[in-house]
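> Before we start, here is the structure in question, set down as structure tokens.
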Amino acid sequence: MERIKKALELTKKHQIKSLGFLMVGQIGDTKESLEKTIEFVKELPLDYIQVCRTIPKPKSGLDSMTIKETDKDYWRDYVLSKEAERRIETPWTRLTEEEKLEMLKKIYRAFYFRPSY
């Protein structure tokens, strides 16, 4: 965290715009851990943020974990037209899709609707 702060201080010093890229629904994410993330991001001298929900990309570690936990290979079935486009299961987090979306929106609001922004 300190290295992140130092790197951002240097970008600010040299007038480089910074973008924080955040993901919701990572391994171990909870509402409580995401609340801490919100507080941390608000402390950073970022110019912009982008927030997305974590999804398992094909052949990634999360994809392997998802296949193992669900006994389904979404990407293989999708490419073979056996599966429609949809949100993929995320067995590595207990957050529901609704909770992930709620937290994603909360992060955006907390960052962009600050008086200092």
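Taken together, the values in this text are just the output of simple stated rules run on the coordinates, not laboratory data. Source: prediction; values computed, not measured. Virtual Cβ from ideal backbone geometry, glycine too; neighbours counted across all protein chains shown.
> Take ASP71 and TYR48, extend 7 Å from each Cα along the Cα→Cβ direction, and tell me the distance between the two endpoints in nm.
For ASP71 paired with TYR48, the spin-label model returns 4.5 nm.
> Applying the Karplus parametrisation 6.51 cos²θ - 1.76 cosθ + 1.60 with θ = phi - 60° to the phi angles of the stretch 84-101, what ³J(HN,Hα) value in whole Hz is obtained for each residue in order, glycine and proline being reported as x?
So the Karplus estimates, Gly and Pro as x, are 7, 5, 6, 6, 8, 4, 10, x, 7, 9, 8, 5, 6, 4, 5, 5, 4, 5 Hz.
> Separate question: Using only the Cα atoms of the stretch 1-52, what semi-axes does the equivalent ellipsoid have when each is the square root of 5 times a gyration tensor eigenvalue? Give whole Å, largest first.
For the stretch 1-52, the ellipsoid semi-axes come out as 23, 11, 8 Å.
> Evaluate E = 1/(1 + (r/R0)^6) for SER60 and SER116, where r is the Cβ-Cβ distance and R0 equals 30 Å; express this FRET efficiency to the nearest 0.05.
For R0 = 30 Å, the calculated efficiency reads 0.25.
> On a 27 Å Cα-Cα criterion, which of the cross-link pairs LYS72/LYS100; LYS5/LYS106; LYS36/LYS68; LYS82/LYS106 come out too long?
LYS36/LYS68; LYS82/LYS106
> Continuing with the same structure: Relative contact order for the stretch 1-61: what percent, with Cα pairs under 8 Å and sequence separation of 6 or more?
45
> Still on this structure, I have one more. In the set (i) 0.96; (ii) 1.06; (iii) 1.01, which value of Rg/Rh (Cα atoms, Kirkwood Rh) was calculated from the structure you see?
Derived directly from the coordinates: (ii).
> I've got another one for you. Once every DSSP H run of n ≥ 4 in the chain is given -39500 (n - 2.57) and the sum is divided by its residues, what mean residue ellipticity at 222 nm do you get, rounded to the nearest 500 deg cm²/dmol?
-15000 deg cm²/dmol
> Also, quick follow-up: Residues with amide H under 5 Å of GLU83's amide H, sequence separation 5 or more or different chain, H placed in the peptide plane at 1.01 Å from N; which?
Counting only residues 5 or more places away or on other chains, the set is TYR78.
> On to the next question. Once the dipole of the chain is set up with Lys and Arg at +1 and Asp and Glu at -1 on Cβ about the Cα centre, which of TYR117, TYR78, ILE55 lies farthest towards its positive end?
TYR117
> Under 8 Å for C-alpha pairs, at least 6 residues apart: give me the relative contact order for the chain, rounded to a whole percent.
Relative contact order here is 32 percent.
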